[in-house]
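Enquirer: Below are the structure tokens for one structure; questions will follow.
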Amino acid sequence: MIVQSTSTFPPPAAVARSSSARQYLAASPANTAETVRISTAAREAFAASAFSTTANNDKSVEARLAEIRANGVVNRSQEDHDYLFANDKRLAEITAQGKPHEKLTADELDYVQKATGLVNTFANLSPAEKALYDKAVATGNTEAAAGISQIAFIRMMGHMAGGANGTTYDPLNTEITAANIAKYFSHSIVDPTGGAQSKFQALIQFLQHNPVA
């Protein structure tokens, strides 16, 4: 008679395999943790490298933009011009509006002048005068706005300019008022065509209803 064993013990080979499995499982958590630590370190190193690369690229772009601006408009090549308008973000945003210069705000014109290396006349306007300029543009009074632009240009002369009847005055410290335009600013630009005087007159009329704050 053959008696079949009902023992639940595994054969020797199975015991050996089971022991190996327990040893692997016992060692596995440590190996897994080590793997995670290495992966995390790798990710952090990659992120740091990417950030460093981006920062270096940004510095390189700013350095090139500064060089282009320093060279001025006259010495600027078409390649430099294209690079400037493609990589100066705010300049690109202003240009993308497609507005003519006389439709831009005072702050936008101020930035365009600085960014492109043009004479920065709008830096000579106070915040209140810039607000007056913006109001003239918003109401469609481009002649009055052009009058303010002329005063901003006159102020590039510094602290002395010619007024009426051979007088002199300090344009940088002279407020934009109707009286000051008539007595001082309007005499600082000689324009045989009468175009400059027409703009000053438009500004005088505009100021009578919209004085500078």
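Enquirer: Based on this model, can you work out whether VAL212 counts as under 30 Å from the mean Cα position of the chain (by Cα), of a type in the set (Val, Ile, Thr) and modelled with pLDDT under 95? Give the steps one after another, and end with the answer.
Expert: Details: under 30 Å from the mean Cα position of the chain (by Cα): yes; of a type in the set (Val, Ile, Thr): yes; modelled with pLDDT under 95: yes.
Answer is yes for this residue.
Enquirer: Something else about it: Tell me which residues, restricted to the stretch 196-207, are out of contact with any helix residue (DSSP H, G or I) (no Cβ under 6 Å at 6 or more places or on another chain) and either of a type in the set (Asp, Glu) or over 20 Å from GLY163 (Cβ atoms) (or both).
Expert: Correct list: GLN205 only.
Enquirer: Which of the following residues is closer than 30 Å to ASP82 by Cα, modelled with pLDDT under 95 and in contact with a helix residue (DSSP H, G or I) (Cβ under 8 Å, 6 or more places away or on another chain): THR121, THR116, THR142?
Expert: THR116
Enquirer: I would also like to ask the following. Is at least one residue of the stretch 81-102 surrounded by 12 or more Cβ atoms within 10 Å (Cβ to Cβ), within 20 Å of PHE153 (Cα to Cα) and not polar (S, T, N, Q)?
Expert: Yes.
Enquirer: Let me ask something else about it. Just checking, how many residues over the stretch 123-147 are crowded, with 18+ Cβ neighbours inside 10 Å and of a type outside the set (Asp, Glu)?
Expert: Of the residues in that region, 10 qualify.
Enquirer: Next up: Would you be able to tell me the number of residues in the stretch 161-170 that are without any contact (Cβ under 8 Å) to a residue 24 or more places away in the chain and within 16 Å of VAL190 (Cα to Cα)?
Expert: Start the filter on the stretch 161-170 by keeping residues that are without any contact (Cβ under 8 Å) to a residue 24 or more places away in the chain, which leaves 164-170.
So of that shortlist, the ones also within 16 Å of VAL190 (Cα to Cα) come out as 164-168.
So the answer is 5.
Enquirer: Just to be sure, is LEU203 in contact (Cβ under 8 Å) with a residue 40 or more places away in the chain, touching a His at 6+ places or on another chain (Cβ under 8 Å) and among the hydrophobic types (A, V, I, L, M, F, W, C)?
Expert: It is false that LEU203 is in contact (Cβ under 8 Å) with a residue 40 or more places away in the chain, touching a His at 6+ places or on another chain (Cβ under 8 Å) and among the hydrophobic types (A, V, I, L, M, F, W, C).
The values are calculated or read from the model by the stated rules, or taken from the named source; none is laboratory data. Source: prediction; values computed, not measured. Glycine gets a Cβ as well: all are built from the backbone with ideal geometry, and neighbour counts include every protein chain shown.
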